[in-house]
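**Q** My questions all concern the structure below.
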Amino acid sequence: MESLGLFQLLQTLREELEESFPDEYWVRAEISELKGNASGHRYLELVEKDKDGEALLARTKAVIWAGTWRGLSADFLLQTGSPLSVGQQVLVCVQVNFHPLYGLSLVINDIDPSYTLGDWARRRQDILQRLKAEGVIDLNKELPFPALPQRIAVISSPQAAGYEDFMKHLSASPYAFYTCLFPAMVQGDQAEPSILAALDRIVKRIEAFDVVVLIRGGGSSTDLSCFDSYPLASALAQFPLPVVSGIGHERDKSVVDEVACVALKTPTATADYLISCLDARWNELVSAAEELRRRSLTCLQQQHYLLDTFHLKFCHAWENLLQTQRHRLDLWERDVEARSPREQLKKGFSITTCRGKLIRKVTEVKPGDELETRLYDGTIVSMVK
Amino acid sequence: MAELKTILDGLNSSSPDIDTMEKQVERARELIQVCRETLTKTDRAVQAVFEEMQPCNN
């Protein structure tokens, strides 16, 4: 039986492959592994999954030579804001390579960053659609924002410069803020589980807080892909406290920004926003105090005016009463004086009595009666003839 | 005042006893004097109250 050496077989395969695939090809795939070595080459594993993203349809090794990597990785980072990393969908320009010792491998000569950006956009869109379909996308936005957002649960990396900026800004304001840091990774693969865990810890003390602030430290990385996460966006959207995001973005908003109650660009802007809420309340208080002062003054003036009026009325009433009473006394005095018998006698009138009885008519006496006539200065006794 | 009124009413219905009438007139004079003094005192008291109220006014 005729037989071939393994090398001969594989060498033939190599020649066939190189003949069948002489050019470069643009291939869509997902990076499932990415390793480097001391010489600067990058070794990758590329896969393609089925529509649901679960079952593997294809898998192969790939390599980016050090010389290519330097230019490619910098360009990719510049255009996408993220380093080339595991989990990304990429469009790569490859050459098919087969080596009898190392097997099949794709040599990557170029990468199209716009494909990865497009994939992110699609993924973001898918997540947003799903949140919308589930009716949760606007839940956090619909929460009433607290009038005084002073008790703040902060999700951030404790070392992040952004966190420091946020705290400095708050403490420079004239208001008292109570902040509690719930440390979490805010970039990279671990961001999603660690932020979810922080949310769980906040829920246990939910009564102690008014708002949740999710801030990302400053720094060089502008990778926001960890915020385009369905589990994270879903948890934030349904979180019982309003979420304020200040995760910073140079490109479009992340999904987290889309579901947050308030989305701001930076940790500093987030602090400014919270301070502005208190400024607004403070101004309301100042105007209310002014209004209260104004109305009290008006009211006092009205009451003073009323009192003055009453005072005047009372004075007049009293004067009238006094006059009436004095007048009445005058009249009575006159009356009394008019009736004083002595006064009558003084004027020349006299009073005649007969046996002690007052005589008013001539017919009341008869001749021989003794009359007593009283005058001012004495009494005359006389006899009727 | 009531006593004064009674005396005045009494004086209006003529009484033969001049001395009694004269006494009543005297009493009426006294009462009128008392009433005048009472009025004056009350007026002073009321004016004092008005004075106290004065600081409330603007």
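The values are calculated or read from the model by the stated rules, or taken from the named source; none is laboratory data. Owing to the predicted nature of the structure, the values given are computational and were not obtained by experimental measurement. Ideal geometry is used to build each Cβ from the backbone, glycine not excepted, and the neighbour counts take in all protein chains shown.
**Q** Name, by its number, the condition in (1) over 22 Å from A:K49 (Cα atoms); (2) in contact (Cβ under 8 Å) with a residue 40 or more places away in the chain that does not hold for A:W120.
**A** Every condition holds for A:W120 apart from (1).
**Q** When you go through B:R27, B:R44, B:R36 one by one, which is the residue that is in contact with a helix residue (DSSP H, G or I) (Cβ under 7 Å, 6 or more places away or on another chain), modelled with pLDDT of 85 or more and more than 9 Å from chain A (Cβ to nearest Cβ)? Show your work before the answer.
**A** Details: B:R44 fails: in contact with a helix residue (DSSP H, G or I) (Cβ under 7 Å, 6 or more places away or on another chain); B:R36 fails: more than 9 Å from chain A (Cβ to nearest Cβ).
Checking each option against the conditions leaves just B:R27.
**Q** Now, a different point. For segment A:306-327, how many residues meet the condition of being loosely packed, with under 14 Cβ neighbours inside 10 Å and either under 20 Å from B:L8 (Cβ atoms) or of a type in the set (A, V, I, L, M, F, W, C) (or both)? Talk me through it step by step, then tell me what you get.
**A** First, the residues of segment A:306-327 that are loosely packed, with under 14 Cβ neighbours inside 10 Å: A:306, A:309-310, A:312-313, A:316-317, A:319-320, A:323-324, A:327.
With either under 20 Å from B:L8 (Cβ atoms) or of a type in the set (A, V, I, L, M, F, W, C) (or both) added as a condition, the list becomes A:306, A:310, A:312, A:317, A:324, A:327.
Qualifying residue count, segment A:306-327: 6.
To keep it simple, each residue is scored yes or no on (1) of a type in the set (V, I, T); (2) under 30 Å from A:S254 (Cα atoms); (3) surrounded by fewer than 15 Cβ atoms within 10 Å (Cβ to Cβ); (4) in contact with a His (Cβ under 7 Å, 6 or more places away or on another chain).
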{"site": "A:L4", "(1), (2), (3), (4)": "no, no, yes, no"}
{"site": "A:K35", "(1), (2), (3), (4)": "no, yes, yes, no"}
{"site": "A:V63", "(1), (2), (3), (4)": "yes, no, no, yes"}
{"site": "A:S82", "(1), (2), (3), (4)": "no, yes, no, no"}
{"site": "A:F98", "(1), (2), (3), (4)": "no, no, no, no"}
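**Q** Find all pairs meeting these conditions: Cβ atoms under 8 angstrom apart; at least six residues apart or on different chains; first residue within segment B:1-13 and of a type outside the set (A, V, I, L, M, F, W, C); second residue surrounded by 12 or more Cβ atoms within 10 Å (Cβ to Cβ).
**A** Between residues of segment B:1-13 that are of a type outside the set (A, V, I, L, M, F, W, C) and residues that are surrounded by 12 or more Cβ atoms within 10 Å (Cβ to Cβ), the close pairs are B:E3/B:R27; B:E3/B:L31; B:G10/B:Q24; B:N12/A:R339.
**Q** Among the residues of segment A:347-356, which ones are loosely packed, with under 11 Cβ neighbours inside 10 Å and either under 17 Å from B:D19 (Cβ atoms) or within 14 Å of chain B (Cβ to nearest Cβ) (or both)?
**A** Passing the criteria: A:R355, A:G356.
**Q** Still on this model: Out of (1) within 25 Å of B:C35 (Cβ to Cβ); (2) facing chain B (nearest Cβ under 10 Å); (3) of a type outside the set (A, V, I, L, M), what's the single condition that is false for A:N320?
**A** Checking A:N320 against (1) within 25 Å of B:C35 (Cβ to Cβ); (2) facing chain B (nearest Cβ under 10 Å); (3) of a type outside the set (A, V, I, L, M), the one that fails is (2).
**Q** Additional query: Which residue is farthest from A:L77 (Cα to Cα), if the candidates are limited to segment A:236-271 and must be assigned to a helix (DSSP H, G or I), out of contact with any His (no Cβ under 7 Å at 6 or more places or on another chain) and in contact (Cβ under 8 Å) with a residue 40 or more places away in the chain?
**A** A:A237
**Q** Just need a number here: residues in segment A:330-344 that are more than 7 Å from chain B (Cβ to nearest Cβ) and within 26 Å of A:T379 (Cα to Cα).
**A** Of the residues in that region, 4 qualify.
**Q** Is one or more of the residues making up segment A:68-81 modelled with pLDDT under 90 and touching a helix residue (DSSP H, G or I) at 6+ places or on another chain (Cβ under 7 Å)?
**A** yes
**Q** Also, quick follow-up: Just one of the numbered conditions (1) part of a helix (DSSP H, G or I); (2) surrounded by 12 or more Cβ atoms within 10 Å (Cβ to Cβ); (3) charged (D, E, K, R) is not true of A:E19; which one?
**A** (2)
**Q** Also: Taking the condition at pLDDT 95 or above, within 30 Å of A:K61 (Cα to Cα) and of a type outside the set (D, E), does A:N140 pass?
**A** No, not satisfied.
**Q** Which of the residues spanning segment A:357-375 are within 20 Å of A:Q344 (Cβ to Cβ) and either modelled with pLDDT of 90 or more or part of a strand (DSSP E or B) (or both)?
**A** A:K357, A:L358, A:L371, A:E372, A:T373, A:R374, A:L375
**Q** Check whether at least one residue in segment A:314-327 is assigned to a helix (DSSP H, G or I), more than 60 Å from the chain's Cα centre (by Cα) and among the basic types (K, R), and report yes or no.
**A** Scanning segment A:314-327 turns up at least one residue that is assigned to a helix (DSSP H, G or I), more than 60 Å from the chain's Cα centre (by Cα) and among the basic types (K, R).
**Q** If we keep just the residues of segment A:358-381 that are surrounded by 11 or more Cβ atoms within 10 Å (Cβ to Cβ) and under 19 Å from B:N12 (Cα atoms), which is nearest to the other protein chains (Cβ to nearest Cβ)?
**A** Among residues in segment A:358-381 that are surrounded by 11 or more Cβ atoms within 10 Å (Cβ to Cβ) and under 19 Å from B:N12 (Cα atoms), the one nearest to the other protein chains (Cβ to nearest Cβ) is A:L358.
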